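**Q** What follows is a single structure, and I will ask about it in a moment.
Values in this text are rule-based calculations from the coordinates and carry no lab data. Quick caveat: nothing in here was measured; it's all calculated off a predicted structure. Reconstructed Cβ throughout: ideal geometry from the backbone, glycine too, with neighbour counts over all protein chains shown.
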Amino acid sequence: MSVNYQAEPFADLMPELRARVAAHWQEFASDRDAFGMDVDWDLYLGLAKAGKLYVITARRGAVLVGYFGAIVGTDPHRKGVSTAFSRFLYADKDPIRGLIVRGMIRESVRFFKAMGVRYYKYASKNQPIIDRILAEIGFVPIETVHSMVVDP
């Protein structure tokens, strides 16, 4: 069965996202040993209600197999330029997982372009497959993010 990609309202997706977030966290969360999983659902819901959070989904029939979320606003250094900032991405373990990820990112580019977004910043984990997918779509690396757990 083929995979379909589309934008869906965050509020409608919350039950499905809640069901998957533990698997997402276990596989990809940074510093998961230092911090427990505590998704700020109210923050995300508020951003969605404000028209700033958008979610692209991948579905095989009615079954959710992946999701990608981005916040749209302005870049503090580019006032007036509509900018999308990636926030979360997950695809179920699947033989075509990489294709599902690529499909969601491509759909997000089409979706944001239609919205008038002019600048798209995609932050990802350090994974060669994501780097290849992003380069294929046209993204270029512009910065590196470092993190540190600060003990109290």
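**Q** Among the residues that make up the range 87-102, is at least one of them in a loop (DSSP other than H, G, I, E, B), of a type in the set (Ser, Thr, Tyr) and within 22 Å of VAL65 (Cβ to Cβ)? If you could, list the steps in order and put the result at the bottom.
**A** So the first thing to find is which residues in the range 87-102 are in a loop (DSSP other than H, G, I, E, B), and the list is 92-96.
Filter again for of a type in the set (Ser, Thr, Tyr), leaving none.
Scanning the range 87-102, I find no residue that is in a loop (DSSP other than H, G, I, E, B), of a type in the set (Ser, Thr, Tyr) and within 22 Å of VAL65 (Cβ to Cβ), so the answer is no.
**Q** Here is a follow-up. Residue under question is THR74, and the condition is that it be buried (at least 16 other Cβ atoms within 10 Å of the Cβ), closer than 25 Å to MET115 by Cα, among the polar types (S, T, N, Q) and free of Cβ contacts under 8 Å to residues at least 60 places away in the same chain; does it hold?
**A** Values: buried (at least 16 other Cβ atoms within 10 Å of the Cβ): no; closer than 25 Å to MET115 by Cα: yes; among the polar types (S, T, N, Q): yes; free of Cβ contacts under 8 Å to residues at least 60 places away in the same chain: yes.
Against the criterion (buried (at least 16 other Cβ atoms within 10 Å of the Cβ), closer than 25 Å to MET115 by Cα, among the polar types (S, T, N, Q) and free of Cβ contacts under 8 Å to residues at least 60 places away in the same chain), THR74 does not qualify.
**Q** Where residues in the range 12-36 are aliphatic (A, V, I, L, M), free of Cβ contacts under 8 Å to residues at least 40 places away in the same chain and surrounded by 13 or more Cβ atoms within 10 Å (Cβ to Cβ), which of them is nearest to ASP151 (Cα to Cα)?
**A** Filtering the range 12-36 for residues that are aliphatic (A, V, I, L, M), free of Cβ contacts under 8 Å to residues at least 40 places away in the same chain and surrounded by 13 or more Cβ atoms within 10 Å (Cβ to Cβ), the one nearest to ASP151 (Cα to Cα) comes out as ALA29.
**Q** Is it the case that some residue within the range 37-51 is free of Cβ contacts under 8 Å to residues at least 40 places away in the same chain, of a type in the set (Lys, Arg) and part of a loop (DSSP other than H, G, I, E, B)?
**A** No, there is no match, as no residue in the range 37-51 is free of Cβ contacts under 8 Å to residues at least 40 places away in the same chain, of a type in the set (Lys, Arg) and part of a loop (DSSP other than H, G, I, E, B).
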